[in-house]
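Every number in this text was worked out from the coordinates using simple rules, so none of it is lab data. Model, not experiment: these values are computed from the prediction. For neighbour counting, all protein chains shown are included, and Cβ atoms are generated from backbone atoms with ideal geometry for every residue, glycine included.
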Amino acid sequence: MDKRTILLTGGGTAGHVSLNQALIPELEKMGYNVEYIGSKDGIESELIPDAFPNVRYHAISSGKLRRYFSTKNFTDPARVGKGLLQAMNIIRKTKPAAIFSKGGFVSVPVAMAGKALGVPVIIHESDVTPGLANKIAMPFANHIFTVFNETLKHLPKEKSTCTGSVIRGELMEGSAEIGRSLCNFDNGRPVLMIMGGSQGSAVINNAIRANLPALLEEFNIVHLCGKDNVDRNLESVANYCQFEYVTTELPHLLHLTDFVVSRAGSNSIFEFLALKKPMLLIPLSKQQSRGDQILNAELFRKQGLANVVEEEELTPERFLAEMKKLQVDEELLIDRMTEAEAPKTASAMAELVVAHAKKK
């Protein structure tokens, strides 16, 4: 008998891919064949084939869903329509037991195709309020999982469950020693990791580099600065280690890290929470987003799990002051994180996906 297949989809940013990365090995352990539907040039088109060469990757056409005027708003519906036809063709061929969607623009035609062909569609929403792609896809879903209890009030009660956060198992297995060797740090100063998201953040990058001499008096710095954002003029600076983006190195770098400065994407902040890393969150502003990161950060701040500064308030002077405060608050933040609910394992989430697949 052939293995049953589960189709995963999601992309555009690393946050729409990381949970799927955690689920793939767990679903395979359970005896399922896993295939992936993503876009042709999104970050998922690199992350999935590189990490899982055994997982068949299907690239489909995908249009961006914009909340602002653009001439592409007139042409992208045709791309979504093409993606829908491609997704239907893939689903007919693979005959999946279920489709698990992590969101992002590419997931919308996949959810629509799954509904049309009678395949159970399970959506995962990791932010406090649903993103635009998930909002459009939710009517086609059989069930919706959320990270935050607060999200449930935005969703149909009869098909929504708060599952809590899910952490990739490999993040818990990093080695600080390997992390140190990756960065060539040569002293015992605490390590500060800067993460501006998979696309990078000019605001955060500029705040770091404007304060680099002062920061290096206190910290060794790991700077994940985003694609094409490495400053070649700073490559020879001791104890300042730049990366565009990391994959297999991340667990080791996180275990080396003492403090984190980051955007406030749900996946990342729950990973820092699980590893008990004191964090300063700088959420994307409403000018650049729908405000989801602001809500994520505010919930963490209210629970005493993070310090937060709004992007509009970030100056070089304010950044230095916030870093000093983060050091002062270190023990209190770690105590609060120790008391927080433990994240769900990827294997437990995989079991939930399979259980809902069987409800067809």
Compute the semi-axes of the equivalent ellipsoid of the stretch 257-360, taking the square root of 5 times each eigenvalue of the Cα gyration tensor, and list them largest first in whole Å.
-> 30, 18, 9
At q = 0.17, 0.19, 0.32 1/Å the base-10 log of I(q)/I(0) from the Debye formula over the alpha-carbon atoms of the stretch 115-166 is -0.45, -0.56, -1.38
Distribution of pairwise C-alpha distances over the chain, 20 Å bins, in % | 30, 57, 14, 0
What residues qualify as long-range amide H neighbours of PHE243, i.e. H under 5 Å apart, gap of 5 or more or another chain, H built at 1.01 Å from N?
-> HIS223, LEU224, CYS225
Please report how far the C-alpha centroid of the stretch 306-333 lies from that of the stretch 1-30, rounded to the nearest whole angstrom.
-> 36 Å
Comparing LYS324, LYS115, LYS135 in a Gaussian network model of the chain (Cα, 10 Å), the one with the largest mean-square fluctuation is LYS324
What is the distance, in nm, between label points placed 7 Å from the Cα along the Cα-to-Cβ direction at ALA51 and at CYS162?
-> 2.7 nm
For GLU235 and THR315 in one chain, what is 0.36 nm times their gap in residues minus the Cα-Cα distance, to one decimal in nm?
-> 26.4 nm
Computed over the chain, the relative contact order (Cα-Cα under 8 Å, seq sep at least six) in percent reads 15 percent
Residue (of SER268, ILE178, ILE136) at the positive-pole extreme of the chain, dipole from beta-carbon charges | ILE136
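Could you give me D for the stretch 170-339, from Stokes-Einstein at 20 °C and 1.002 mPa s, where the hydrodynamic radius is the Kirkwood radius over C-alpha pairs? Units µm² s⁻¹, please.
Translational diffusion coefficient: 135 µm²/s.
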If you put +1 on each Lys and Arg Cβ and -1 on each Asp and Glu Cβ, how big is the dipole of the chain around its Cα centre, in Debye rounded to 20?
-> 2120 debye
Tell me, what HN-Hα J-couplings in whole Hz come from the Karplus equation 6.51 cos²θ - 1.76 cosθ + 1.60 at θ = phi - 60° for each residue of the stretch 327-342, using x for Gly and Pro?
-> 5, 5, 8, 3, 5, 5, 4, 5, 4, 5, 5, 5, 7, 6, 5, 5
For the chain, whose charge dipole is built from +1 on Lys and Arg Cβ atoms and -1 on Asp and Glu Cβ atoms, the candidate among ALA297, THR338, ILE204 with its Cα farthest towards the positive end is ALA297
To the nearest 10 degrees, how steeply does helix 346-357 sit against the main Cα axis of the chain, on a 0 to 90 scale?
-> 20 degrees
How about the chain: what cysteines have no other cysteine beta carbon under 4.7 Å from their own?
-> CYS162, CYS225
Express in whole angstrom the spacing between the alpha-carbon centres of the stretch 144-171 and the stretch 268-298.
-> 17 Å
Amide H of VAL261: which non-local residues (sequence gap of 5 or more, or other chain) have their own amide H closer than 5 Å, using H built in the peptide plane?
-> MET193, ILE194, MET195, LEU280
Go through LYS93/LYS358; LYS135/LYS277; LYS95/LYS115; LYS40/LYS358; LYS276/LYS344; LYS29/LYS95 and tell me which ones have a Cα-Cα distance over 23 Å in this structure.
-> LYS135/LYS277; LYS40/LYS358
Determine the calculated [θ] at 222 nm for the chain from helices alone, applying -39500 (n - 2.57) to every DSSP H run no shorter than 4 residues and normalising by the residue count; nearest 500 deg cm²/dmol.
-> -11500 deg cm²/dmol
Going fewest to most other Cβ atoms within 10 Å around each Cβ, PHE140, PHE259, PHE105 line up as PHE140, PHE259, PHE105
Order these peptides, 292-299, 338-345, by their mean beta-carbon neighbour count within 10 angstrom, highest first.
-> 292-299, 338-345
Give the long-range amide H neighbours of VAL308: residues separated by 5 or more places, or on another chain, with amide H under 5 Å away, using H modelled in the peptide plane at 1.01 Å from N.
-> LEU281
From the residues ILE37, VAL147, VAL246, which one has its Cα farthest along the dipole of the chain in the positive direction, the dipole being from +1 and -1 charges on Cβ of Lys/Arg and Asp/Glu about the Cα centre?
-> ILE37
Additional length obtainable on full extension of the chain from LYS358 to GLU331, 0.36 nm per residue less Cα span | 5.2 nm
Note, ³J(HN,Hα) from phi for the stretch 296-311, Karplus 6.51, -1.76, 1.60, rounded to Hz, x at Gly and Pro = 4, 5, 5, 5, 5, 5, 4, 8, x, 9, 7, 9, 9, 9, 6, 4
Most packed first (mean Cβ within 10 Å per residue), the peptides 326-333, 263-270, 240-247, 152-159 order as 263-270, 240-247, 326-333, 152-159
